[in-house]
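Below is one structure, written out as structure tokens, with a few remarks after it.
The values are calculated or read from the model by the stated rules, or taken from the named source; none is laboratory data. All figures in this text were calculated on a predicted structure; none of them were measured in a lab. Cβ sites come from the backbone with ideal geometry, for glycine too, and all protein chains shown count toward neighbours.
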Amino acid sequence: MSRNITIQPVQLPEHYERMAQLLNLVYTEPTSAAILAEEDGKLYKKGSTSLDEEGRLIGYDRIRLAALSADGHVLGYANGWRAPWTEPGTLHNTVVVDAAYWNQGVGTRLVQALEQWAHDLNASEMTVMVSDEDEAAQAFAERRGYVKDRHTFKSTILPTHFNEDTGKRRRTTASG
């Protein structure tokens, strides 16, 4: 399958719907084509990067790539980005492949394209967030030389259960 995969920049707005479908497989918060388009409208059109006095990448930029089958179906999606506040030298990345196309070279080709982009920008570090529950993604990253740097978790509290006066969660008792 890998030979029949084309990696190219996403085509917008055509790819928004498929991008949202794929991102919803890995994001903790749902997204949609409309949300992605709205976010794009708020972002820069062209990045601006340079190297600091220590030779580390600074500035902001992003890349968004689609892995396409021979018939143009989006099999996977990847993005890489850095913001002005990102640690010098670092790029953040997301790679997601439709499970129907796992182990066919799609993710590998997307990662290779991101790594080439990182090389072209003279980045010194690439990061990717992988869910604790996603053992396949962890193994994929480890096979490519990525190492676990830290563990993060998401914590959510509903506003209806939070007391702003005390900064504590409200407790309720039921009786009956």
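Being over 20 Å from E14 (Cβ atoms), part of a strand (DSSP E or B) and not polar (S, T, N, Q) is not true of H119.
Okay, residues lined up against (1) surrounded by fewer than 19 Cβ atoms within 10 Å (Cβ to Cβ); (2) among the polar types (S, T, N, Q); (3) at pLDDT below 95; (4) not in a strand (DSSP E or B):
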residue: L91; (1), (2), (3), (4): no, no, no, no
residue: S131; (1), (2), (3), (4): yes, yes, yes, yes
residue: Y146; (1), (2), (3), (4): yes, no, yes, yes
residue: A174; (1), (2), (3), (4): yes, no, yes, yes
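Which of the following residues is at pLDDT 95 or above and in a loop (DSSP other than H, G, I, E, B): E17, E38, E29, E87? Matching residue, one of E17, E38, E29, E87: E87.
Does A33 fit the bill of being farther than 20 Å from L114 by Cβ, touching a Pro at 6+ places or on another chain (Cβ under 9 Å) and among the small types (G, A, S)? When the stated conditions are applied, A33 passes them.
In this structure, is A66 without any contact (Cβ under 8 Å) to a residue 24 or more places away in the chain and not acidic (D, E)? Taking the combined requirement at face value, the residue does not satisfy it.
Put simply, of A141, A123, A113, A100 the only residue that is out of contact with any Phe, Trp or Tyr (no Cβ under 6 Å at 6 or more places or on another chain) and exposed (fewer than 13 other Cβ atoms within 10 Å of the Cβ) is A100.
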